[in-house]
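Since the structure comes first, as C-alpha cells, the remarks are kept for the end.
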Amino acid sequence: MEILQSHITIGKYTFDFVTEIQVETSWMEQTSKGSITLPANLLLDSSKLKTEIKRGDAVEIFIGYGDAMYNVFNGYVARLKPTVPVVIEIEDEMWKLKQHVITDTCKNESLKSFLSRNIPNIHIDCFDITVPRFIANKITAAKLLDEIKSNYGLYSFFRRKSLVIGKQYEASDYNVQQAKFNYNIVSDNLEYRVKEDVNLKITAISNMPNGDKLEVQLGSKDGEERTLNFYNLPKSELRKVAQKEMDRLIYDGYRGDLTLFLEPFVRIGDVLELKKDDESDKTGRYWVDAVVYTFGINGARQKVTLGART
C-alpha cells in the first residue's frame, strides 16, 4: 500500500501532517478556495494564532504518495477560525486581486492591454478582443473581472499561475489522464446519455462596438439554458458559432462526476479519458470542468466534474 504524504507551507510554518485539507477548483468559479484543519494537539497557542499565522500569508500545498507529490494549491490565508482544531480558510491568487483597487477607463483598447496595465506582474491569457468603452471606478480587480464576465461572458480564473479569461479549454495545451471503471475509479455519479435525450436551448449574444447586442437562439424552448457571449460578430456568423456550440454540447456520452484516488492526478483544463472494458463503445475523452481535492486521516480523493466530450 502506498503511503500518503503532505507538505504544507503557511507563512513561516511548515507542516507535514494535518487533520484535513480540502481544495475546490473550477473554471466556473473565479476563486479556487479551500481549508486546512490543523491537528488539535498543535503546539500553537490558539489565542496567539493571529500573530503567528496572518491573513495574507502565502500558502503552498503538496499531497501525494511517497516521492510523487502534487501541487494542489498556491495562494493565501483568507481568514482564520481560532477554534479547536484550528481551521484556516484559503484562496488562490484571486485573493490578491480582491485587495487591488483600480480606477481607469478603457476606450477602443484590447482587453489584454487594459488588464495588463491594471493588473501588473501577472501573466494574462485572454482573447484579444477590443473593448469599445469600459469604466473602472474604484473597484477591485476581482470585481472588474466579474463585470467583464457579465458584459462579455468571459470567465476568469487562475491556471498554472496565469490569469485565464475566457479560455477554459485550451486545445493546444492540456494533459490527457486515464480513468478506468472497476479499476481506479472509486465511485461515480455519472449518467450516459445519447444525443436524442439531450434537451438544450442556446442563446448567443454578440456585443457590438456601438454598444448594441445581437441575439440568436437555437434549440428547444424548454431546454436547459446556456448563454454565450461574443464580440462584434454579424448575425450570420453568430448563428454559425451558436450551432457549433450546440453540436459540441449535444453528444453521446457521460455527464456528471466521478471520484478517483490521487493518481492519475487531474487538474481543470485536462482531458480525462474514460475506459469501460465491457462497453468499449462508451470509451471517450472529456474536458475537466472542476476538481475537488480532499486529504486527511480518511485518505485522499479527487472528485472530478466532467465537461463536454472532446
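The values are calculated or read from the model by the stated rules, or taken from the named source; none is laboratory data. Fair warning: this is a prediction, and the values are worked out from it, not measured in the lab. Because the Cβ atoms are built from the backbone with ideal geometry, glycine has one as well, and the counts that use them run over all protein chains shown.
For Glu279, are the conditions met, namely being surrounded by fewer than 17 Cβ atoms within 10 Å (Cβ to Cβ), under 22 Å from the mean Cα position of the chain (by Cα) and either outside any strand (DSSP E or B) or of a type in the set (A, V, I, L, M) (or both)?
no
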- Note on the structure: In region 156-185, anything closer than 19 Å to Trp95 by Cβ and surrounded by 18 or more Cβ atoms within 10 Å (Cβ to Cβ) is listed as Ser156, Phe157, Phe158, Arg159, Leu163, Val164, Ile165
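Scanning region 251-264 for residues that are outside any strand (DSSP E or B) and at pLDDT 90 or above, which turns out farthest from Gln5 (Cα to Cα)? Even if it seems obvious, please write down each step before you answer.
So in region 251-264, the residues outside any strand (DSSP E or B) come out as 251-252, 261-264.
Remaining after also requiring at pLDDT 90 or above: 261-264.
Numbers: Phe261: 13, Leu262: 11, Glu263: 13, Pro264: 16 Å.
Here the residue is Pro264.
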- Could you pull out the residue among Arg226, Arg248, Arg267 that is part of a loop (DSSP other than H, G, I, E, B) and basic (Lys, Arg)? Arg267
- Task: Using the structure shown, decide if Phe134 is closer than 23 Å to Arg309 by Cα, assigned to a strand (DSSP E or B), outside the structural domain of Leu258 (by TED's automatic domain parsing) and not charged (D, E, K, R).
- Result: no
- Item | Extreme residue, farthest from the chain's Cα centre (by Cα), among residues of region 99-128 that are closer than 22 Å to Pro209 by Cα and part of a loop (DSSP other than H, G, I, E, B) | Asp128
- Given the residues Lys81, Lys112, which is the only one that is free of Cβ contacts under 8 Å to residues at least 12 places away in the same chain and not polar (S, T, N, Q)? Lys81
- Query: So, in region 126-169, of the ones that are over 30 Å from Tyr286 (Cα atoms) and polar (S, T, N, Q), which residue ends up modelled with the highest pLDDT?
  - Reply: Thr140
- Report yes if some residue within region 58-67 is touching a residue at least 40 places away in the same chain (Cβ under 8 Å), loosely packed, with under 14 Cβ neighbours inside 10 Å and at positive phi; otherwise report no. yes
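Give Glu196, Glu191 a once-over and let me know the one that is farther than 17 Å from Glu279 by Cα, of a type in the set (Asp, Glu), out of contact with any helix residue (DSSP H, G or I) (no Cβ under 8 Å at 6 or more places or on another chain) and surrounded by fewer than 17 Cβ atoms within 10 Å (Cβ to Cβ).
None of the others qualify; the one that does is Glu196.
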- Within the bounds of region 77-87, is there any residue that is among the small types (Gly, Ala, Ser) and out of contact with any helix residue (DSSP H, G or I) (no Cβ under 7 Å at 6 or more places or on another chain)? no
- Task: Working only within region 1-26, note down all residues that are farther than 12 Å from Glu60 by Cα and polar (S, T, N, Q).
- Result: Gln5, Thr19, Gln22, Thr25, Ser26
- Tell me, please, whether a residue that is without any contact (Cβ under 8 Å) to a residue 12 or more places away in the chain and in contact with a strand residue (DSSP E or B) (Cβ under 8 Å, 6 or more places away or on another chain) can be found in region 116-138. yes
